[in-house]
Amino acid sequence: MRFHAGMISAALLLQCSVASSASAVWGLKYEVYDHATSSWTNKLTVNVYSGAADVQYRMSVWTDTKTKVNVYKNGKVLVSSAAVQPLRVQVSSRIANWGTAANGDQLVSYTSKVNSAGLDALKNSLSVKDTILGVNKSSASFFGNLKPKYTDYAVVTPSTVYFEGTIRIGNLTAAAKNRTIKLAANSLAAASPNSGNGGAYGASFYTMRKPTDIASGIVTTMAVNYYSLVTVVSTPPRPGSFLAGDGFAGTTDVPAPGSLGVLGIALLGIRRRR
């Protein structure tokens, strides 16, 4: 399967809703922001040694030129056509191993980046030690990419951000200081595939049947979803590191292998010279 250039790196971790399918060419992508590199990534290490750390996250709907959708009329398929860009996605998301007050975790923000959201889309709840964004298999847990101009519909977009936010990773317990947090899809589509217009697989896309005819249709294949992982550690940051004690997440908070040992040897040498 060939992905759109620059859209998905080879290093992305795959949470695949279908084991192997050449026709599965759309899905959800969860990412976190690395302040050290000023870029979005699917892997991040966070150091909570000096206190809680804030991590920005986002979810995008991606596709490539192979995505097909069925356009319906009077309950029957009128045409199967190529997707142009995502319209609606019925989804709930899970932030695994994160969200308890005992750990000092806090949902700082969770906002829609598209201009339509169902009544359940921006809700959040705690499920044991995980946080659920949206409501599992609810027909009202959806985001819609509604745009007013024809020219907007006509643009093929390989990836569209649907929601974003910030989580605060606490350090109040021993478990909080050593854990792996996973951001991923929890449910895609409502309990009934006939609820809403996301269809059985939970999404619809705009399509161009003619140069002057814009329509929308539902996807015909399961999603290929990509999750992100945040590794939480609690170690003294090396002196002068980019993020030492600043409260934001980034890979440079973690001491380089052997750096503390080298520092100790250097200090020992200074002491002996004295």
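Each value in this text was obtained by applying a stated rule to the coordinates, not by laboratory testing. Keep in mind it's a predicted model, so treat the numbers as computed, not measured. In this analysis, Cβ positions are derived from the backbone assuming ideal geometry, glycine residues included, and neighbour counts consider all displayed protein chains.
Some observations on this one:
- LYS29, LYS129 arranged by Cβ crowding within 10 Å, fewest neighbours leading: LYS129, LYS29
- LEU126-TYR72 FRET efficiency (beta carbon distance; Förster radius 45 Å; 0.05 resolution): 0.75
- Highest average packing first - 96-102, 120-126, Cβ atoms within 10 Å: 96-102, 120-126
- Packing-based exposure ordering (other Cβ within 10 Å, fewest first) of ILE214, ILE132, ILE181: ILE214, ILE132, ILE181
- Straight-line cross-link partners of LYS113 among the lysines, defined as a Cα under 26 Å from its Cα and at least 8 positions apart when in the same chain: LYS29, LYS43, LYS66, LYS68, LYS123, LYS137, LYS147, LYS149, LYS182.
- Between SER38 and LYS147, the FRET efficiency from the beta-carbon distance, with R0 = 30 Å, is close to 0.60.
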